[in-house]
Structure formats: structure tokens, C-alpha cells
1. Can you list residue pairs whose Cβ atoms sit under 8 Å apart, with the first residue in segment 225-239 being over 26 Å from E23 (Cβ atoms) and the second being of a type in the set (G, A, S)? Count only pairs 6 or more apart in sequence or on different chains.
2. Taking the stated definitions as given, is Y261 open to solvent by less than 50 Å² (accessible area, probe 1.4 Å), among the hydroxyl-bearing types (S, T, Y) and more than 16 Å from ligand 1 (Cβ to nearest atom)?
3. Return yes or no: is E178 more than 18 Å from E278 (Cα to Cα) and not basic (K, R)?
4. Going through G41, G74 one at a time, which residue ends up being surrounded by 13 or more Cβ atoms within 10 Å (Cβ to Cβ), in contact (Cβ under 8 Å) with a residue 12 or more places away in the chain and in a loop (DSSP other than H, G, I, E, B)?
5. Within 15 Å of ligand 1 (Cβ to nearest atom), in contact with a helix residue (DSSP H, G or I) (Cβ under 6 Å, 6 or more places away or on another chain) and not assigned by TED's automatic domain parsing to the domain that holds A36 - does that describe any residue in segment 288-303?
6. For segment 119-156, what are the residues that are assigned to a strand (DSSP E or B) and more than 17 Å from A106 (Cβ to Cβ)?
7. I'd like the full set of residues that are open to solvent by less than 30 Å² (accessible area, probe 1.4 Å) and either on the phi > 0 side of the Ramachandran plot or touching a Phe, Trp or Tyr at 6+ places or on another chain (Cβ under 6 Å) (or both), limited to segment 157-179.
8. Could you grab me the full set of residues in segment 199-244 that are within 17 Å of the chain's Cα centre (by Cα), within 14 Å of S290 (Cβ to Cβ) and among the hydrophobic types (A, V, I, L, M, F, W, C)?
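The values are calculated or read from the model by the stated rules, or taken from the named source; none is laboratory data. From a predicted model like this one, the values you see are computed outputs, not experimental measurements. Glycine also receives a Cβ, built like all others from the backbone with ideal geometry; neighbour counts cover every protein chain displayed. Only protein heavy atoms, including side chains, enter the accessible area calculation; ligands, DNA and RNA are left aside. Shrake-Rupley method; radii C 1.70, N 1.55, O 1.52, S 1.80 Å.
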Amino acid sequence: MRVLVVYNKDFSKVIYQRNPTKEIYSEKTVFRIKSALERAGHYVEVADGNMEIIDRLKVFFRRGKGIVFNLSYGIQGESRYSHIPSILEMLGVPYTGSTPEGHAVALDKALTKIAVQYYGIKTPDFMVFKSPEKLEDIKLPVIVKPRREALSLGVKVAKTKEELKKAVREITDIFGQEALVEKFIRGREFSVALIGNGKDLTALPVLEFDLGGNPEAIQTTFLKRHRPIRKICPAEIPENTAKKMQEISKRVFNILELRDYARVDLRMDESGEIYFLEINSQASLGETGSFIHSARAAGMDFDQTVIKILDAAVKRYQELWEEYDGFEQD
Ligand SMILES: Nc1ncnc2c1ncn2[C@@H]1O[C@H](COP(=O)(O)OP(=O)(O)OP(=O)(O)O)[C@@H](O)[C@H]1O
Ligand SMILES: [Mg+2]
């Protein structure tokens, strides 16, 4: 199979540079993925998902059928995850991962919460604010986060009215986004990695972030970037609790009609109630990230995980089947 890996490298190749995203795939991870695909016998090229991408796609796909392995977080803007998939959808090019619509909803934490609530999934109570006005009646403590960020950017716990106002102001000013104010869930934190689609959708073993038994602890940007919290996988929880978390995660994936892979973040309060926090439609495949950690606990090495994602995508495009040397994981 011919595979074009697309990610974002040069953020200046746009017409006007606004507020570039801080979410970036490291070159190291991109090249590990490229090598994994090559080791499985695929022909691989790497492309930068900037304004020159259409020309690059034209050249690549003129030479033969293939698929894009989409690692693009986008360059800027509130629909950034959707930019590359939108271009690919318009061009009719097969690609891994979620659709423009799936990515757009998943990146918007407020819309996602409204959607999953409609289907009866528990998520912390929340409100959305455009400015630090009218915050009077909110029950504290709360967690305040930008509507569309990742890596815990801008995330603050507010225990007083003053802290709440300051956090909302910071988010609206610095991130230029609405602030999501959410009930703080004291307890433990988990994540569930998902691979596949439809009846083949598989939840990997539940992973717990070791918050050291402190129910008030959260994962900050500093911890995520520089001192990743110890991960316990499979999490030390009763089997039925793990099953419940996996079921909730699969349901969210299906409600949002995501594709091929994703990662769900959950908190469990001190009474054992499970709350859905968010779903990452462009789950990081970084070596030290929780997705790859869970895959390892499921007995899959890095190469097998990458190929399983490719398999899931290829299965969705009948025109690619004859080009594909069997589905490695089947
Ligand atoms: N309602 C909540 N109650 C308690 N802690 C929370 C809550 N929401 C978020 N957190 C904490 O804040 C962190 C970041 O929140 P969240 O996962 O929603 O945002 P993110 O920045 O998109 O994360 P990621 O890096 O996974 O993309 C979580 O890992 C968790 O520790
Ligand atoms: Mg998260």
C-alpha cells in the first residue's frame, strides 16, 4: 500500500498566521510511524499539511492508489483538526481517522458534552462563558478550561469567586475562546484507548493516571509535557468497573461517529460514579503517551498498533482492498 503520512511542521505556510496551535506531533513520532509502516512493507512518504498540500496530494495520488495517514492537528483556528480531513474528503482521497465533522465536535468540549448527555452519558455539570460576568450562582469548586484546547492548556481549578473570574478572564483573553466551567470531580482519573470501527471497535485495557491518592489532583500542562504522571495499565479496578468505562467510551466514539481510533478521558468520584470528561479524536501516538501505553498492555507493540489503525481505515475503503496484502491483525 502507498501511504502518505501528513502532519504539521511549518506553521508559516498559510496566507495569514493567526494563533498557531500548541499541539504538535514531534518529528520523532512521525518518523517512528513512517518506519513502522515501512517495516510492514508499505511505501511511505511524509508531507507537511500546509497550504501546499493539494499540490503534494496531486503528485502522490497521480502515481497510484493509496491512503493518507493523517497525523495533522492543523495549524490554527477553531476547526483545525478538520482542515486536512476536509481537504481529503473534498478530493475523495482515503485517509485514516475521523471525519471533519467528528474532529470538529470532539475538539469542542461543550458540544461533545451536550451530545453525550442527550444519550444519557454522565458528564460533569457545566456552563459556558464568553466573559467573566454573571458568574455569581456557580457552585464551587469548579474546573475552568478553554472550549477547544488540549494538553491541559489554560486549565485551572477555582475554589473562590475571585479565582473563577480570573480563570474565565484568562481563557477569554489569552485563548480567544469561551470558557467551559465544569463541576470539579474529586476522585481518580482514567483513560480508555479505542481502535477499530463498528463491530470491530475494541476498547484497550483501562489506564489509570496515578494521582498519588489525592482526589483533588489534576494533570497540568507542565506534568503532561515535562513530567508525565505514572500510568497504571491495566488499572487496578474491579472488572465490571473497567467494562463500564470501556462501554461508555465506545458509546461516545459511536455517538460522535468517530473513526479508527480515539482516546477517552474519564474521572471516577469517591462514590464510584464514572464521569466522561472528553474524547481525543486525534489521540497522540507518542511513545510515552497513554494510547501507546494501553496498546502495550493489550500485547501490541508500536508497529502493531500503527498497522491496526491503518487496517481499520483500509477496511472502510473497498477500492483499496486489492492493493492490500491482507489485514495483518486478522
Ligand atoms: N471535571 C473535572 N474534574 C476534575 N478534574 C478535571 C475535570 N476536567 C478536567 N480535569 C483535569 O484537567 C485535565 C485536563 O482536562 P481535559 O482532559 O478535559 O483537557 P485537555 O487539555 O483536552 O486534555 P488532553 O491533554 O487529554 O487533551 C484532566 O486530565 C484532569 O486532570
Ligand atoms: Mg484530556
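1. Matching pairs, first to second residue: P234/A242; P234/A297.
2. So Y261 does not fit the description; no.
3. Answer is no for this residue.
4. None of the others qualify; the one that does is G74.
5. No, segment 288-303 has no match at all.
6. Of everything in segment 119-156, those that are assigned to a strand (DSSP E or B) and more than 17 Å from A106 (Cβ to Cβ) turn out to be M127, F129, V142, I143, V144, K156.
7. Those that are open to solvent by less than 30 Å² (accessible area, probe 1.4 Å) and either on the phi > 0 side of the Ramachandran plot or touching a Phe, Trp or Tyr at 6+ places or on another chain (Cβ under 6 Å) (or both): V168, A179.
8. Across segment 199-244, the qualifying residues are A203, L204, V206, L207, F209.
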